[in-house]
Structure formats: structure tokens, C-alpha cells
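Below is one structure, written out as C-alpha cells; the observations come after it.
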Amino acid sequence: MTDPNPCLGCGLCCTHFRVSFYWAEGDDAPGGYVPAHLTEKVNDFYRCMKGTGQAPRRCHALEGQVGESVACRIYEQRPSPCREFEVYLENGEPNPRCNELRLKAGLSPLKWAPMPSAA
Ligand code: SF4
Ligand code: SF4
């Protein structure tokens, strides 16, 4: 059976990319929501999640053991790159970048998204 949320046993994207975004997404800007104390300045326009600015990367908001059990402790306030990095594409196909990371880390590749159960 396909895991409905494989991210909870993965977390690789939170330890691989520089998670950078427009500075005003931080909660120290009007209308911002990302906890600013978990970010660092990249330049006058961008900031990134602390821990992702340089290798070895691990976002400071990530809890748990990568590849086993993880959680984003600011999930509701995560920045736009995290919202846009979808585990499944619109047609249900796994994000090929996920599978690239997972295969390199020795995790099983994702299969197609589970179908919603019939009502
Ligand atoms: S790499 Fe893909 S499967 Fe792994 S946590 Fe990120 S979005 Fe989820
Ligand atoms: S904010 Fe959350 S989802 Fe985004 S990289 Fe950090 S731990 Fe991962």
C-alpha cells in the first residue's frame, strides 16, 4: 500500500536545498508569517531558512531523524519554496526530484499518489 504522506519518513529536501525566499515572508515584515528567528539574510532582498545556507544543510525547523521520522515544526508557517515543492505532481506522478534524492539516500522511490477513496 502507498504511504499517504511519505514526507514524514523522509525530510531529504529540508537537508538538501538552500531554502531561500523574499525577505518579506518573514514575520518581522508586515503580513509575513515565517518565524524570522529561524531565518538568515542572503542579501537585501532574500533570506533563507537557517541551516540551509551552506552545506552540510539541515533546516533548523526540521525535527527528527532524516529517512526515518521527521516533522516541520513550523509547517503552517513554512515559506513559499516549501509550499511549492510538491511531493506529487498534479497528475499524481511523484516529483522526480524527490525520487532522485530518495534513491541517492537509499530510500525507496515513491510510486504514484494514492487515489482518493471512493465515498
Ligand atoms: S524529498 Fe520529497 S518525499 Fe522527501 S520530504 Fe521532501 S517532498 Fe517529501
Ligand atoms: S521550513 Fe519546514 S518544510 Fe521548509 S525546509 Fe524547513 S523543515 Fe523543511
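Somewhere in the range 81-94, is a residue within 14 Å of ligand 2 (Cβ to nearest atom), within 20 Å of ALA24 (Cα to Cα) and part of a loop (DSSP other than H, G, I, E, B)?
yes
Which residue is least open to solvent (accessible area, probe 1.4 Å), if the candidates are limited to the range 58-75 and must be within 13 Å of ligand 1 (Cβ to nearest atom) and in contact with an Asp or Glu (Cβ under 8 Å, 6 or more places away or on another chain)?
VAL70
Say whether the condition of being assigned to a helix (DSSP H, G or I) and within 10 Å of ligand 2 (Cβ to nearest atom) is met by at least one residue in the range 54-75.
The answer is yes, given that some residue of the range 54-75 is assigned to a helix (DSSP H, G or I) and within 10 Å of ligand 2 (Cβ to nearest atom).
Name the residue, out of ARG102, ARG18, ARG83, ARG78, that is exposed (fewer than 13 other Cβ atoms within 10 Å of the Cβ) and within 16 Å of ligand 1 (Cβ to nearest atom).
None of the other options fit; the residue is ARG83.
Find the residue count for the range 28-54, including only residues that are within 13 Å of LEU12 (Cα to Cα) and either among the aromatic types (Phe, Trp, Tyr) or more than 16 Å from the chain's Cα centre (by Cα) (or both).
Number satisfying all stated conditions: 0.
Residue by residue through the range 40-53, note down the ones that are part of a strand (DSSP E or B) and in contact (Cβ under 8 Å) with a residue 24 or more places away in the chain.
Answer for the range 40-53, where residues must be part of a strand (DSSP E or B) and in contact (Cβ under 8 Å) with a residue 24 or more places away in the chain: TYR46, ARG47, CYS48, MET49.
Restricting to the range 25-39, and then to whatever is assigned to a loop (DSSP other than H, G, I, E, B), surrounded by fewer than 15 Cβ atoms within 10 Å (Cβ to Cβ) and of a type outside the set (Ser, Thr, Tyr), can you tell me which residue is farthest from ligand 1 (Cβ to nearest atom)? Please lay out each step first, then the result.
The initial filter retains those residues of the range 25-39 that are assigned to a loop (DSSP other than H, G, I, E, B), namely 27-33, 35.
Pick out the ones that are also surrounded by fewer than 15 Cβ atoms within 10 Å (Cβ to Cβ) and you get 28-31, 33.
Within this subset, residues satisfying the condition of being of a type outside the set (Ser, Thr, Tyr) are 28-31.
Working: ASP28: 27, ALA29: 26, PRO30: 30, GLY31: 26 Å.
Checking each candidate, the answer is PRO30.
Take the residues in the range 68-108 that are among the hydroxyl-bearing types (Ser, Thr, Tyr) and farther than 19 Å from SER20 by Cβ; name whichever of them is farthest from the chain's Cα centre (by Cα).
Result: SER108.
Looking at LEU107, LEU12, LEU8, LEU89, which one is in contact with a helix residue (DSSP H, G or I) (Cβ under 6 Å, 6 or more places away or on another chain), within 16 Å of ligand 1 (Cβ to nearest atom) and not charged (D, E, K, R)? Break it down into steps so the answer makes sense when it comes.
Values: LEU107 fails: in contact with a helix residue (DSSP H, G or I) (Cβ under 6 Å, 6 or more places away or on another chain); LEU8 fails: in contact with a helix residue (DSSP H, G or I) (Cβ under 6 Å, 6 or more places away or on another chain); LEU89 fails: in contact with a helix residue (DSSP H, G or I) (Cβ under 6 Å, 6 or more places away or on another chain).
Only one candidate passes the filter, namely LEU12.
ALA55 versus (1) open to solvent by 70 Å² or more (accessible area, probe 1.4 Å); (2) aliphatic (A, V, I, L, M); (3) farther than 22 Å from LYS104 by Cα: which is the lone unmet condition?
Here ALA55 meets the rest and fails (3).
Condition test on ARG97, is it more than 12 Å from CYS7 (Cα to Cα) and either in a helix (DSSP H, G or I) or away from ligand 2 (no atom under 14 Å from the Cβ) (or both)?
For ARG97, the condition - more than 12 Å from CYS7 (Cα to Cα) and either in a helix (DSSP H, G or I) or away from ligand 2 (no atom under 14 Å from the Cβ) (or both) - is met.
The values are calculated or read from the model by the stated rules, or taken from the named source; none is laboratory data. The structure presented is a predicted model; accordingly, all values stated were derived computationally and were not measured. Because the Cβ atoms are built from the backbone with ideal geometry, glycine has one as well, and the counts that use them run over all protein chains shown. To get the accessible areas, we keep the full protein, side chains included, count just its heavy atoms, and leave off ligands, DNA and RNA. Shrake-Rupley method; radii C 1.70, N 1.55, O 1.52, S 1.80 Å.
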